1. List pairs: first in region 39-58 and open to solvent by 60 Å² or more (accessible area, probe 1.4 Å), second among the charged types (D, E, K, R), Cβ under 9 Å, 6+ apart or cross-chain?
2. Using the structure shown, decide if Arg74 is farther than 30 Å from Ile157 by Cβ, basic (Lys, Arg) and either without any contact (Cβ under 8 Å) to a residue 60 or more places away in the chain or open to solvent by less than 70 Å² (accessible area, probe 1.4 Å) (or both).
3. How many of the residues making up region 116-143 are open to solvent by 60 Å² or more (accessible area, probe 1.4 Å) and within 20 Å of Leu75 (Cα to Cα)?
4. Sort through Ala164, Ala170 and tell me the only one that's over 13 Å from the mean Cα position of the chain (by Cα) and open to solvent by less than 60 Å² (accessible area, probe 1.4 Å).
5. Which residues, taken from region 77-110, are of a type in the set (S, T, N, Q), open to solvent by 60 Å² or more (accessible area, probe 1.4 Å) and over 25 Å from Asn171 (Cα atoms)?
6. Of the residues Leu142, Leu120, Leu185, which single one is closer than 20 Å to Asp63 by Cβ and among the aliphatic types (A, V, I, L, M)?
Amino acid sequence: MGTKTILKSRYKWPASLLTIMTAVIAACCGTSAYAGTTQQGATETVVLRQLSFIRVDDMNFGDLIPGPTAGTVRLLPNGTRTRTGGVTLVGSSHQPARFAGKGSFNQQVLISLSSNTIQLTGPGAPMTVSLFEIGSTPTAILTTTPRRFRITSASGIFAFPVGASLGVGANQAAGVYSGTFSITLNYL
């Protein structure tokens with residue numbers, strides 16, 4: 001039996017940001033498949049405004065098999081997934097959360113979380129997610145205390161992944177577990 005954990009990320013912008021809006025344009029297009037069937041596909045475009053950021057991908061710890069002892073799954077910002085204790089990793093559906101933003105070259109950005117830990121809920125006991133790690137150089141643990149980063153791209157456009165650590169209980173009940181975390185960027 002596998003336990004699939006999906007961590008849905010949520011973002012929020014402080015009122016102090018000058019511009020918060022993003023424009024989203026979505027359209028559907030048809031594609032042909034074999035045997036004369038038709039499949040629908042979707043396409044989406046996001047246009048970033050100055051001093052904004054968006055969620056690109058949600059965090060997903062992937063498929064897991066719990067064991068008779070508790071364990072931990074660590075999802076690094078680069079997408080590597082490791083485990084300790086009584087949990088087995090299955091498949092390759094895991095991914096870190098990914099965000100993108102737009103500021104100016106050499107501008108400073110403060111990044112923080114609304115909470116250092118969150119709970120994933122599902123059919124069994126809640127599982128704790130902690131140690132949120134941003135894929136900066138070097139990587140850094142994000143907390144409720146803002147960390148200062150500098151935009152180094154000439155265009156001011158930047159992207160960053162976020163990984164975390166998941167505590168899996170002994171004999172954790174099978175099913176989908178989800179939760180949200182809030183990340184705040186404050187452009188200086």
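The values are calculated or read from the model by the stated rules, or taken from the named source; none is laboratory data. Since we're looking at a predicted model, the values are computed, not measured. Cβ placement follows ideal geometry from the backbone for every residue including glycine, while neighbour counts extend to all protein chains displayed. When the accessible area is computed, the model is the full protein with side chains, heavy atoms only, and any ligands, DNA or RNA have been set aside. Shrake-Rupley method; radii C 1.70, N 1.55, O 1.52, S 1.80 Å.
1. Arg49/Lys102; Gln50/Lys102; Arg55/Arg10; Arg55/Arg98; Val56/Arg98
2. Against the criterion (farther than 30 Å from Ile157 by Cβ, basic (Lys, Arg) and either without any contact (Cβ under 8 Å) to a residue 60 or more places away in the chain or open to solvent by less than 70 Å² (accessible area, probe 1.4 Å) (or both)), Arg74 does not qualify.
3. 10
4. Ala170
5. Within region 77-110, Asn78, Asn106 qualify.
6. Leu120
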